[in-house]
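J.: One structure, pasted below without further comment.
The values are calculated or read from the model by the stated rules, or taken from the named source; none is laboratory data. All figures in this text were calculated on a predicted structure; none of them were measured in a lab. Don't worry about glycine lacking a Cβ; one is built from the backbone with ideal geometry, like all the others, and counts go over all protein chains shown. For the accessible areas, the whole protein counts, side chains as well, though only heavy atoms, and no ligand, DNA or RNA atoms are used. Shrake-Rupley method; radii C 1.70, N 1.55, O 1.52, S 1.80 Å.
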Amino acid sequence: MLALIQTVDLALGIYWWLLIASAIFSWLYAFNVVNPRNQFVGSVGTFLFRVTEPVLAPIRRRLPDLGGIDISPIIVLLIIFFLRQFLWTTIAPAVV
């Protein structure tokens, strides 16, 4: 059972970094730091968008309009942090 908990924790940790990479990439793209016509940049952007958008889109729909500020990645990061802490402080001790 501990292997399952560690695997879920690893998956949440990887998704954590994908969300951060997606946010940074969106800033670089918005401020024209990266070349959007570059094929590699486009494929990285498409990958990050497809991986993170299914989780971020429902949260964006529920949030009020904050102008140009998108706080949905922050909310998802907080949820992931809560899930990881819950996993290790509540579930893991009960299983082991």
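J.: Just to be sure I understand, how many residues within the stretch 60-69 are of a type in the set (A, V, I, L, M) and open to solvent by 60 Å² or more (accessible area, probe 1.4 Å)?
T.: Residues in the stretch 60-69 being of a type in the set (A, V, I, L, M) and open to solvent by 60 Å² or more (accessible area, probe 1.4 Å): 2 in total.
J.: So for the stretch 29-44 (the condition being open to solvent by 60 Å² or more (accessible area, probe 1.4 Å), touching a Pro at 6+ places or on another chain (Cβ under 8 Å) and part of a helix (DSSP H, G or I)), does at least one residue qualify?
T.: Looking for residues that are open to solvent by 60 Å² or more (accessible area, probe 1.4 Å), touching a Pro at 6+ places or on another chain (Cβ under 8 Å) and part of a helix (DSSP H, G or I), one finds at least one in the stretch 29-44, hence yes.
J.: Among the numbered criteria (1) over 9 Å from the mean Cα position of the chain (by Cα); (2) without any contact (Cβ under 8 Å) to a residue 40 or more places away in the chain; (3) closer than 20 Å to Trp88 by Cβ, which one does Ile14 miss?
T.: Here Ile14 clears every test but (1).
J.: Another question about this same structure. Just need a number here: residues in the stretch 45-80 that are part of a helix (DSSP H, G or I) and free of Cβ contacts under 8 Å to residues at least 60 places away in the same chain.
T.: 25
This table checks each residue for (1) modelled with pLDDT of 95 or more; (2) open to solvent by 100 Å² or more (accessible area, probe 1.4 Å); (3) over 18 Å from Leu78 (Cα atoms); (4) under 15 Å from the mean Cα position of the chain (by Cα).
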| position | (1), (2), (3), (4) |
| --- | --- |
| Leu2 | no, no, yes, no |
| Thr46 | yes, no, yes, yes |
| Arg50 | yes, yes, yes, yes |
| Pro58 | yes, no, no, yes |
